[in-house]
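Encoded as structure tokens, the structure appears first; notes follow it.
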Amino acid sequence: MRHLYLYPRSIPRLMDVFFWPILELLMWGFLSLYLERLNLGNLNIVSLFLGAMIFWEFLSRSQNAVSVAFLEDVWERNILNVFVAPVQISEFLTSTLLLGLVRIGMTGVLLSVLSFLFYHFNIFQFGIYTVPFLINLLIFGWVLGLFTTGIILRFGTSAQVLAFGLIFLIQPFSAVFYPVSALPHAIQWFSYALPSTYVFEGMRKVISVGTLPVQDIILSFGINIIYIAVVIFFFYRMFAQVKIQGKLLKLD
């Protein structure tokens, strides 16, 4: 709640939720229209690019909501106040997940409306498949955000670049705008270790053949469950070390 109270009163926060995603939508939307006019076979270019772009924004904003919200407390010297209060670690983790859900909800509604008005693209053309796709992206974004938060806890704000850069490090391997087969064989294993890969691969299957990507959905959920267990354990360990070493007060 304390983070949500800040949004209507902060232009930079509103820009992060609305302005930058709109710019991304316009850029990929115009590129999609240009490629569609080139008549590149039977591919639905608009659906492929805009669908991938909107799904990617869901993942990116989910990760960003967790890590940047934590960094804001660090920058404002408020992190000690948070944990002096009777807040359990489990409650803190749950709140970060809910904050990410609220943020991607606001961003998702705006992008869905604008993509339909500007490019006649309906994100709900994926039908019931949209729900497990988005859930997997939300969870994976939360996992990435929690991982970067644990790193920042342990090593201080010198590691804050991960909060903004980690998501882009995995983008080339998530098969967002192209299939995994386009990657070199030597690194395809890494791509298949990311739950986001199965979401984007599944999205393309829905567009191209209209079949239910059950295997992709199951694999994405399965990998996410493993990562959730690992990252929660990791965060608890990092938090425990910071308390033992007395670095929570000196986090900078």
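The values are calculated or read from the model by the stated rules, or taken from the named source; none is laboratory data. Just so you know, these numbers come straight off a predicted model, no measurement behind them. Please note: Cβ atoms are built from the backbone with ideal geometry, for glycine as well, and neighbour counts cover all protein chains shown.
Residues in the range 196-209 that are of a type outside the set (Gly, Ala, Ser) and either farther than 21 Å from residue 143 by Cβ or in contact (Cβ under 8 Å) with a residue 40 or more places away in the chain (or both): 198, 199, 200, 203, 204, 205, 206, 207, 209.
In the list 95, 90, which residue meets the criterion of being surrounded by 15 or more Cβ atoms within 10 Å (Cβ to Cβ) and of a type in the set (Ser, Thr, Tyr)? Exactly one of 95, 90 is surrounded by 15 or more Cβ atoms within 10 Å (Cβ to Cβ) and of a type in the set (Ser, Thr, Tyr), namely 95. Residues of the range 83-100 include at least one that is free of Cβ contacts under 8 Å to residues at least 24 places away in the same chain, among the hydrophobic types (A, V, I, L, M, F, W, C) and closer than 23 Å to residue 161 by Cα.
Among the residues of the range 92-134, write down those that are touching a helix residue (DSSP H, G or I) at 6+ places or on another chain (Cβ under 7 Å) and among the hydroxyl-bearing types (Ser, Thr, Tyr). 96, 107, 112, 115, 119, 129, 130 - these are the residues of the range 92-134 that are touching a helix residue (DSSP H, G or I) at 6+ places or on another chain (Cβ under 7 Å) and among the hydroxyl-bearing types (Ser, Thr, Tyr).
Here's the yes/no breakdown for (1) over 30 Å from residue 49 (Cα atoms); (2) small (Gly, Ala, Ser):
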position	(1), (2)
83	yes, no
93	yes, no
100	no, yes
108	no, yes
112	no, yes
133	no, no
144	no, no
147	no, no
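The residues listed here are 240, 186, 163, 182; of these, the one that is among the hydrophobic types (A, V, I, L, M, F, W, C), surrounded by fewer than 18 Cβ atoms within 10 Å (Cβ to Cβ) and within 20 Å of residue 73 (Cα to Cα) is 240.
Tell me, which residue of the range 195-212 that is aliphatic (A, V, I, L, M) and modelled with pLDDT of 80 or more is nearest to residue 124 (Cα to Cα)? So, considering only residues that are aliphatic (A, V, I, L, M) and modelled with pLDDT of 80 or more, the one nearest to residue 124 (Cα to Cα) is 203.
Of the numbered criteria (1) outside any helix (DSSP H, G or I); (2) within 21 Å of the chain's Cα centre (by Cα), the one residue 142 fails is (1). Looking at the range 110-124, can you tell me whether even one residue there is in a loop (DSSP other than H, G, I, E, B), surrounded by 18 or more Cβ atoms within 10 Å (Cβ to Cβ) and of a type outside the set (Gly, Ala, Ser)? Checked the range 110-124: at least one residue is in a loop (DSSP other than H, G, I, E, B), surrounded by 18 or more Cβ atoms within 10 Å (Cβ to Cβ) and of a type outside the set (Gly, Ala, Ser).
Is it the case that residue 65 is modelled with pLDDT of 70 or more and within 22 Å of residue 130 (Cβ to Cβ)?
So residue 65 passes the test.
Among the residues of the range 166-195, those that are touching a residue at least 24 places away in the same chain (Cβ under 8 Å), closer than 14 Å to residue 216 by Cα and of a type outside the set (A, V, I, L, M, F, W, C) comprise 174, 179, 195.
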